1. For segment B:216-254, which positions are within 10 Å of another protein chain (Cβ to nearest Cβ), among the small types (Gly, Ala, Ser) and either buried (at least 23 other Cβ atoms within 10 Å of the Cβ) or free of Cβ contacts under 8 Å to residues at least 24 places away in the same chain (or both)?
2. Inspect segment B:75-97 for any residue being within 26 Å of B:HIS18 (Cβ to Cβ), more than 14 Å from chain A (Cβ to nearest Cβ), touching a residue at least 40 places away in the same chain (Cβ under 8 Å) and in a loop (DSSP other than H, G, I, E, B) and give the result as yes or no.
3. Please determine, by comparing only the residues of segment A:165-181 that are of a type in the set (A, V, I, L, M, F, W, C) and in contact with an Asp or Glu (Cβ under 9 Å, 6 or more places away or on another chain), which one is surrounded by the fewest Cβ atoms within 10 Å (Cβ to Cβ).
4. So A:ASP658 fits all but one of (1) surrounded by fewer than 23 Cβ atoms within 10 Å (Cβ to Cβ); (2) in a helix (DSSP H, G or I); (3) more than 9 Å from chain B (Cβ to nearest Cβ); what number is the exception?
5. Filter segment B:83-124 for residues that are surrounded by fewer than 24 Cβ atoms within 10 Å (Cβ to Cβ) and of a type in the set (A, V, I, L, M) and give the result.
6. Pick out the one residue from B:GLY201, B:GLY166 that is away from chain A (no Cβ under 14 Å) and in contact (Cβ under 8 Å) with a residue 40 or more places away in the chain.
7. Are any of the residues in segment A:262-285 outside the structural domain of A:LEU606 (by TED's automatic domain parsing), closer than 25 Å to A:ALA356 by Cα and either surrounded by 17 or more Cβ atoms within 10 Å (Cβ to Cβ) or at pLDDT 95 or above (or both)?
8. Which one is nearest to the other protein chains (Cβ to nearest Cβ) among residues in segment A:680-694 that are more than 19 Å from A:ASP897 (Cβ to Cβ) and in contact with a Ser or Thr (Cβ under 9 Å, 6 or more places away or on another chain)?
Amino acid sequence: MHDVRVEVTPRLGGQAVDVRGNVVKARLLQDLGIDVTKVRSISGFVVRSPVVASMLGERVDDLFVDPIIEVGRLGSAWLDDDTLFPDAPDLVITIGFKPGVTDNAGSAALDGLRTLFPEARVEGAAVATDLTFAFYGLPEGADGPSIAAGLHNPLIERALIQSAPGAEGWQQLGYPERPVVEAQPPAAVDLELDDEALIRLSEEGLLALNLEEMQTIRDHYRHPEVQAARTALGLPPHAPTDVELECLAQTWSEHCKHKIFAAHIHHRDEETGEDVEIDSLFKTHIMRPTLDMQEEMPWLLSVFHDNSGVIAWDDEWSVCMKAETHNSPSALDPYGGAMTGIVGVNRDILGTGLGARPIANTDVFCFGPPKWEGDLPSNLFHPSRVLRGVHAGVRVGGNESGIPTVNGAIVFDDRYIGKPLVYCGTVGLMPATLPDGRPGHAKTAEPGDLVYMVGGRIGADGIHGATFSSLELTEDSPSSAVQIGDPITQKKMLDMILEARDAGLIASITDNGAGGISSSIGEMAEQTGGVEIDLAAAPLKQVGLSAWEILVSESQERMTVAVHPHHAEAFEAMAAIHEVEATVVATFTDDGRFLVRHGDDVVALLPLDFLHDGVPQLRLESVWSPPEHAAFVAPETPDHNDLLLRLLARPNVASKEDWVRQYDHEVIAQTAVKPFVGVERDGPADAAVIAPLHGSSRGLVISNGIVPRYADLDAGAMVVAAVDEAVRNAVCVGIDVDRMAGLDNFCWPDPIVSEKTPDGRFKLAQLVRANRELERMCRAYRVPCVSGKDSMKNDYGTGADKISIPPTMLFSLFGDHPDVRMTATSDLKREGERLYLFGRCRQELGASEVASMLSESGEAAGIGGAVPAMEHPEAQREAYAALSAEIGAGRIRTAHDCSEGGLGVALAEMCIGGRRGAMIDLDGLGLDGADTFGQLWGESLGRIVIGVEALHEAEVCDALEQHGLTLIGLVVEGGRLVVEDGYDALIDVSVDDMVAAWKAPLALPVGGER
Amino acid sequence: MTTVRVAVLFGFGINCDHETAAVFRLVGAEAERLHVNRLIESPGLLSSYDILAIPGGFSFGDHLGSGRLLGNRLRFALREPLRDFVANGGPVIGICNGFQVLVKTGLLPGPPANGDLTPDFEQRASLALNESGRYEDRWVTLEFDPESPCVWTQGLTRIDCPVRHGEGRFVVDDEAVLDAMDEAHQLVVRYVDPNTPKGEGRTDVRLPYPTSPNGSARNIAGVCDATGLVFGLMPHPEAVYAKWLHPDHTRYTAPEAEASIPIEERSLGEWEGEGLQIFRNAVDFVRNRSS
């Protein structure tokens, strides 16, 4: 093996531009205010292979260099070349990966090398990449380390900083050599310890198991029959091996077992005196309602037990959806964490039934304020950096996978500095019936089936992800829990799996996510009643992994697939064509055992029922007393023009266009309502509508609801608003309200009372109220939850510096759209269109966006007051059904819901989308108790502004009047939004001013984004 | 009617293969998604198809330059079959990443119009990073050179469709290459200002971002080789196969398709989108040639 370094830099002059350099130059100015004259970039490749430098040199233009726009060089640095780099830069920073971190460009380069040089197809050949930036005209005082800090994440990357060449020229980065690690043989872990020592063992080993769980494990090994079985296989009889303990820790983690949602809860309400016992929030408030509804909804095909929930769509196709979070990894490495989040949830879809094809992504993020100027706890990134990294990760993950990002949101709150929330969702499409007659949504594994690990290899990355995310973030959180996704490896695997599915080769399939194969194979083994794994068969990224590490590593891009033995040959041939690695690592049995070997040695033996059902139920305490907030009092003489323009500029309201446009939202040629609508294609869409069957206008709707602000007053109200928002958004585009399904996605601060969490009882009471309201809303709206997820440890630090996120539930919705040609969008369509408010305005300003804005600025004392409520959800559903029917009939083409900033902001956004003005009179909106301030800025639920052409007005009014319909105005010429209260103008603002206020805050400079 | 067979390549990160196959089917062809390695495994397979399409995507993650690594696989493993396919009059289209692949293999723009037109696999142009420095999905307006020999664009004047790329800036290292291509009407399709009268939008004067989304020389969106058979473009005409995919369909203002057949003969009727005619042109070309 030889290490040969290749450097590539853009040609300059003529049409040539160094775009990468320009991007860094613009970013330095934006982030640090440092204005340099010029930045030049150089890509570096360290090629480790049997190919010698002279051979490689002849082919540099065939592989590394684009000869039209770049020049390449072998060996010494480009910076040492006087013709191309005549002036010495003031500063040179080279960024490369740390050893063992996924280097996707390096893997691609290796693949390209092997196309040209077959002799490089040997184990150990590798390419490592780096990027060098040379800075010219650095202002006084700008220092290398702080510039480098903005360009790399020291957790996964290394930086070489130079301000002058050495005696032998400019230094270059070498190959990131991994220190030699020896695999450790499995060891017995003695659990016959006192309680304190057991807990210490759990904490120090990052096991995240509590005392009762540790005791339960210890007690398991005291059973004589357990000991006898172990002795027979040569295992330590009285104690678990480290493999077993790690496997149990992953399987029993909060992340995998949802122990808080399964807990027995003693709940007291200090307001009402209620005192009850609840046996599992999940079973009581989420599963039960769905199962009840399933009796009347035969189209609910698969709920809760698979990787995503499946509903029937048309006769030939079923659809499924899953959303989940990737919060902790995104806090440590926003780019890698978010990318693994999106490609991970894609795998949940691929692993549903016998395999579904991901067809749409949704991304909802919660971050600290992008312009935060306050303190930052150590080990946390500035929110703007988190935003940029998460966005880039999701962009690369989604775009490179060829899955459109069709809908999403970004929510800002100070407390998300402690833990950003990164919700990634994916919709999938699967045949209702496979060519061989099996239903697409059911798994058919049998004893004797071979279990393949397909896709990427197992490495030291991603060890302890499941248990780590079940702990709070600290300064010492491990870097091994961070990974970078590899979308192309995954895409190859996805292509291959779907082809294998259609050929009838797959008996069962699941994703490798949290807990690695210990979880994926362990869970799948329940289908046949046992499994025998051989860890020595598993392909590894590097030597030196111990047995337990192989079992629990969460290395990405892997699926676990069960294949009948007589299909093995065809399956492997298909994998070879797609250049996907597929290796038999286990065989399903029916002997009730989870048996793990490493070659000839048995390293773990766990009864399946103990592994899956042995975890003791938590018993938790919950006490509710309403939080106290100073009441929000509206200003006596409000300047509504000013309020409107300020609200439009709030990060929660402002346009995210420059960010969202970087997601491919229409690959697959199906997106009929895109994230942007209107004349200039920059108005907000309420929900996505896709028509995934090419040539057919039958559609699907995808929407989201998230309103964490309301949890400050009542987490129950927060959930009510989220469910209503998701449904309301979907109604705005004409969803069939009889065919919709939901996903609940809870992100909570730790709700278990302890020394670290003295207010745990209150946080748990918030969760109880949230679940009760979720049930009430879902039953009334007839929207069954078919899948869900919870992340329950979203805190940073301890004591006085502790930051807990606001309790947050994202409600995602998907459902049927009969015909995408009949839909409505938020932009005003043409002059003369009549505008109506559908729904009623109550005086509901508690925790509203305007209340938050005026409290933050000191213009109001607090956010307290009536939080938006939904007293009669059944009636609201009837109203939505009527409105959706009018949209489906083509009589309403303009609709936009009122959410953050209420009616005032909704009207402004409609004007922006249509680049048209409107004349509005609020007279007639006061019947339900709201004053003009409440009518304009209050956030009462269930409200939608609709535009109706004169031609359809009578019919629409007939259909909708009984549900609360008030004529509020007209679309007019003149480009101004004018709002009167019957007498006086409250608002008179030009559309241009609204556009400017709304688009500026989160805009990106052209050339300023990576 | 003659069956027209289309090979739609996929694998290694190509991701517009499903819709690209679908649009050929909507204009009456028989289209098959074909993995790159199946073709490499049996190179003779290519001659059993009439049309070759290389769809959009992110082959090999665009690492080492978009289209480069897939281009190399084709250039080294399928050189003769590809050369023969074009030499025998087979239309080839590359969209987005497919265009990048065709440019990196040298199939586009191909040998100069005044000499031997057999593909020589020499790279003469490139698609560089957008000047904006970012990947974007946005709708653009395109106009076609009415005198182009390109078999794919006959009869088309203007269409709207999305661009979805980060590396779409068409560049050459010698301005004379562009002059020669222009003279041979190989600069088939350009980004134009939608406010210009239809048919009068094409210009050599650099249009501002985002009218030209990437800063391409002479606002070039796509080019063909001198035979007119091989066509590549960055924007996605397949993404507007139906009018309901045009962002203006909800405003009743989505443009009508310029189609070569009457509304009642189109599979989507009045809902046919502007992009479909490009694919119909190639299918018709093959049919007319064989009849």
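The values are calculated or read from the model by the stated rules, or taken from the named source; none is laboratory data. Keep in mind the model is a prediction, meaning the values are calculated, not measured. Don't worry about glycine lacking a Cβ; one is built from the backbone with ideal geometry, like all the others, and counts go over all protein chains shown.
1. B:SER216, B:ALA239, B:ALA242 - these are the residues of segment B:216-254 that are within 10 Å of another protein chain (Cβ to nearest Cβ), among the small types (Gly, Ala, Ser) and either buried (at least 23 other Cβ atoms within 10 Å of the Cβ) or free of Cβ contacts under 8 Å to residues at least 24 places away in the same chain (or both).
2. Yes, because at least one residue in segment B:75-97 is within 26 Å of B:HIS18 (Cβ to Cβ), more than 14 Å from chain A (Cβ to nearest Cβ), touching a residue at least 40 places away in the same chain (Cβ under 8 Å) and in a loop (DSSP other than H, G, I, E, B).
3. Let us first name the residues in segment A:165-181 that are of a type in the set (A, V, I, L, M, F, W, C), namely A:167, A:170, A:173, A:180-181.
Filter once more, so that each one left must be in contact with an Asp or Glu (Cβ under 9 Å, 6 or more places away or on another chain): A:170, A:173.
Numbers: A:TRP170: 22, A:LEU173: 20.
Among those residues, the one meeting the criterion is A:LEU173.
4. Looking at each condition in turn, A:ASP658 falls short on (3).
5. Result: B:VAL86, B:ALA87, B:ALA113, B:LEU117.
6. Going through B:GLY201, B:GLY166 in turn, the sole match is B:GLY201.
7. No, segment A:262-285 has no match at all.
8. A:ALA691
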